[in-house]
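Coordinate-derived values only; no laboratory data. For clarity, every value in this text was computed on a predicted model and none was experimentally measured. Cβ sites come from the backbone with ideal geometry, for glycine too, and all protein chains shown count toward neighbours.
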Amino acid sequence: MKTLVPLCIVSLALLAQSALGQNATTTPVGVITVDLPKGSDTIIATPLAKAESFRGAVTSRTGFAITVSPSPAWGSFTTTPHYIQAVDGAQAGVFFDVASNTADTITLVDNGLAPTGLDAGTNFKVVEYWTLGTLFPASSANVSFTPSLSTLVRRTLINFPNVVGTGINRSSSATYFFYGSYWRNVSTAGVDANNTPILPDSYITVRNPTTAADGLKLTVTGSVNLDPISIPLDSIAGAPNDNFVSMSRPVDVTLNDLGLISSGAFTASPSTLIRKDQLLVFNNATIGINKSASATYFYTGGTWRSTANAGVDAGTTTIPAGSGIIIRKATAASPASAFWKNEIVLAP
């Protein structure tokens, strides 16, 4: 499914005047603001990206190493963490972590997914990750987060979901707090964690206790990703499995326009009572810690349905920009990954 996006998104105060196509040279830039109330968890993704560090075509690939010729002499992509995103080809929209690079070659992290679609002629872009230190810089103390009083007396916490585990209702994989001049992991409080990357296809949870400041807001300025996005959704054998994901688009998207069904990544249910894959959403307007999903959706009979009102077509329900969601894949006979692909088309 192609998500419809207007050229001028007033709600995001777009700053650029031209739209990005595959061959365009100017990327539209936007601004989005998220309220982070105290006494509550706020689940957020990053619908605006950091500026591209490079865009071009692969000259050759050997295993996990891609080369561009002539040499772009693009500098280091590991001083701060970077990822690449295929723009077209068989793996269009898929994200890969950068492990290392030379002046003309990028070696990707072997995370179990081979970059078989990044052969000669495939277009890709290199993008710097948002990190804890860039999304929540020290200069934003008491604006987007409340610094901790010590390594033990903590205020704003940022929880990362366990994206590599299996099963449902998994606990966070890591929790961070800001003290002194940098972010710290509660497990290794003496180590600077500012460079911790925030995945573009997942989300984080900002937890502000009642001791946090009032009126905290996160304001993000970044590039609009108008290229395809393709996110793996993992199933496991013998049990359902949660995938902590987001749709990195700077506009609200309806269930019908997510592309979950058209991409084949979401398994339809045989009936309203016998359900397969489910989509769980959260309501950031509800104040509370460890909040349960506010709604659960499944697909049957050619329409989206809510578990709370299965007789009504819910396809026009919107997923707000910057939302984190859970795709709960049904039990499978054997482990498998299905790619959720979403593309956008620009509307006048």
Calculate the spin-label point distance for ASP110 paired with ALA336, positioning each point 7 Å from the Cα along the beta-carbon direction, and give it in nanometres.
-> 2.6 nm
From the Cα gyration tensor of the chain, with a ≥ b ≥ c the square roots of its eigenvalues, which class applies: rounded if a/c is under 1.5, or else prolate if a/b is larger than b/c, or else oblate?
-> rounded
With runs of 4+ DSSP H residues as the only contributors, calculate the mean residue ellipticity of the chain at 222 nm using -39,500 (n - 2.57) per run, divided by the residue total and rounded to the nearest 500.
-> 0 deg cm²/dmol
Under 5 Å, built H, 5+ apart or other chain: amide partners of TRP183 = ALA193, ASN194
Along region 152-168, Karplus-curve 3J(HN,Hα) (6.51, -1.76, 1.60; θ = phi - 60°) to the nearest Hz, with x for Gly and Pro, reads 10, 9, 9, 10, 4, 10, 10, 9, 9, x, 7, 7, 9, x, 9, x, 10
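With the Cα gyration tensor of region 231-347 giving a ≥ b ≥ c as the square roots of its eigenvalues, does the rule (a/c under 1.5 for rounded; else a/b larger than b/c for prolate; else oblate) give rounded, prolate or oblate? Could you put the intermediate results ahead of the total?
Numbers: a/c = 1.27, a/b = 1.18, b/c = 1.08.
It comes out rounded by the Cα gyration axes.
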Relative contact order [Cα under 8 Å, 6+ residues apart], region 40-155, whole percent = 31 percent
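Could you tell me which of rounded, prolate or oblate describes region 118-272, using a ≥ b ≥ c as the square roots of the eigenvalues of the alpha-carbon gyration tensor, with rounded for a/c under 1.5 and, failing that, prolate when a/b is larger than b/c and oblate otherwise? Before the final figure, lay out each step's value.
Details: a/c = 1.97, a/b = 1.58, b/c = 1.25.
Prolate.
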If amide H atoms are built 1.01 Å from N in the plane of the peptide, which residues on other chains or at least 5 residues away come under 5 Å of the amide H of SER144?
-> LYS217
For VAL186, VAL127, ascending order of other Cβ atoms within 10 Å (fewest first) is VAL186, VAL127
Can you sort VAL87, VAL253 so the residue with the fewest Cβ neighbours within 10 Å comes first?
-> VAL87, VAL253
Cβ-placed point charges (K, R +1; D, E -1), dipole of the chain about Cα centre in debye, nearest 20 = 680 debye
In terms of the charge dipole of region 103-209, which places +1 on Lys and Arg and -1 on Asp and Glu at the beta carbon, the residue among SER148, THR116, SER172 farthest towards the positive end is SER148
Under the Karplus curve 6.51 cos²θ - 1.76 cosθ + 1.60, θ = phi - 60°, whole-Hz ³J(HN,Hα) for region 56-69, x wherever Gly or Pro sits | x, 10, 5, 8, 7, 9, 10, x, 9, 10, 10, 10, 10, 10
Please list, in chain and number order, the residues 5+ apart from ALA321 or on another chain whose amide H is under 5 Å from its amide H, with Hs placed from the backbone.
-> ASP252, VAL253
Would you kindly derive the ³J(HN,Hα) couplings of region 124-136 from the backbone phi angles with the Karplus curve 6.51 cos²θ - 1.76 cosθ + 1.60 (θ = phi - 60°), listing them in order in whole Hz, with x for Gly and Pro?
-> 8, 9, 10, 10, 6, 5, 5, 10, 4, x, 9, 7, 10
How big is the shadow of the Cα convex hull of region 51-128, averaged over all directions, in nm²?
-> 4.4 nm²
